[in-house]
1. What is the residue count in the stretch 219-249 for residues that are part of a loop (DSSP other than H, G, I, E, B) and under 16 Å from Phe209 (Cβ atoms)?
2. Do we have Met60 as surrounded by 20 or more Cβ atoms within 10 Å (Cβ to Cβ) and in contact with a Gly (Cβ under 6 Å, 6 or more places away or on another chain) here?
3. Residue by residue through the stretch 141-157, note down the ones that are buried (at least 20 other Cβ atoms within 10 Å of the Cβ) and within 20 Å of Gly53 (Cα to Cα).
4. Note down all Cβ pairs under 8 Å where the first residue falls in the stretch 153-171 and is without any contact (Cβ under 8 Å) to a residue 24 or more places away in the chain, the second is in a helix (DSSP H, G or I) and of a type in the set (A, V, I, L, M, F, W, C), and they're at least six residues apart or on different chains.
5. Among the listed residues Ala16, Ala12, Ala22, identify the single one that is in contact with a Ser or Thr (Cβ under 6 Å, 6 or more places away or on another chain) and either of a type in the set (Gly, Ala, Ser) or not in a loop (DSSP other than H, G, I, E, B) (or both).
6. Does any residue in the stretch 45-74 that is closer than 30 Å to Asp171 by Cβ come within less than 6 Å, Cβ to Cβ, of a residue that is modelled with pLDDT under 95 six or more places away or on a different chain, and which pairs are these?
7. Checking the structure you have, find out if any residue of the stretch 158-181 is in the same structural domain as Met36 (by TED's automatic domain parsing), surrounded by fewer than 16 Cβ atoms within 10 Å (Cβ to Cβ) and modelled with pLDDT under 95.
Amino acid sequence: MYFHTSRLQFEAKPSAPDPVYARKLQELIGGAFGEMTVTMQYLFQGWNCRVEGKYKDMIMDVATEEIGHVEMLATMVARLLEGAPAETTADAVDGDPVLAAVLGGMDPQQAIVAGGGAMPQDSNGYPWNGRYIVASGNLLADFRANVAAEAQGRLQTARLYNMTDDPGVKDMLKFNLARDTYHQNLWLAAIEELQADGLEGQLAPGALFDEEHSEHAGTLWHLSDGPAAGEGRWANGVGPDGHTELSFLERPQPLGDKATAPKPDPLLYGTSPVNIGLIERAINKLVP
């Protein structure tokens, strides 16, 4: 069950309408790393969580907060679109405000489809996609994905912050930046807690360390002409898991056989010597 209050989590009032920026702000709503993505990602992680108690409760807290972020951004977009295209862009192209909005960079669907409101899509108008989310049921894998999602979301928020001079928009984005900072720390701390509680391994989700080809578990294969890769921490000493020896392998040799596709099914008519006789017979049947 969810309860909604009419008050926003943080204020979302621009100083003036700006339909062009409203389109840009759509990225933080329906983009691959937007608030809709982290909302649904955390909700499904929480709903699927088999660990009752602090982990599930924390995931659901953050997931529900993210719903509020979508609401804030949608409200801001609607307010940025106030008067557009009929008023704000009318001076740009006399008698054709829709054309003015298009030429000015506004997403016409915000006016035509949403009636001057936000859309569940990115800044190019591409609809939000459920395939953006990661909810595997493995908390270590999911929390790592969450760190990346928050980092990308914060990066895009910072870029958008520098694309506006509106103090009201900037004030809301300052709040979003702070929450993204906290959420990155939260997921990193949650990873540490999982490991301290012994719920996950130090490195990879799942086990099978005794099954993997461990002789290949610590080597950087040098496969480019950049000479400095072997100087990094990732190629020297003991790995972050505490036991894997890291090393650098110059000129690694392939371990597999030649990549050769199997003979094709003749009835699929793929180009192959196998099909030459079949094609010739088919042609002979057509020629009297």
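1. Qualifying residue count for the region: 6.
2. Answer is no for this residue.
3. Asp142, Phe143, Asn146, listed by residue number.
4. So the pair list comes out as Ala158/Leu177; Tyr161/Leu173; Tyr161/Leu177.
5. Answer to the check: Ala12.
6. Taking only residues 6 or more apart or on different chains, the pairs are Ala74/Ala118.
7. No - not one qualifying residue is present in the stretch 158-181.
The values are calculated or read from the model by the stated rules, or taken from the named source; none is laboratory data. All values derive from a computational prediction rather than experimental measurement. As a convention, Cβ positions derive from the backbone with ideal geometry for all residues, glycine included, and neighbour counts pool all protein chains shown.
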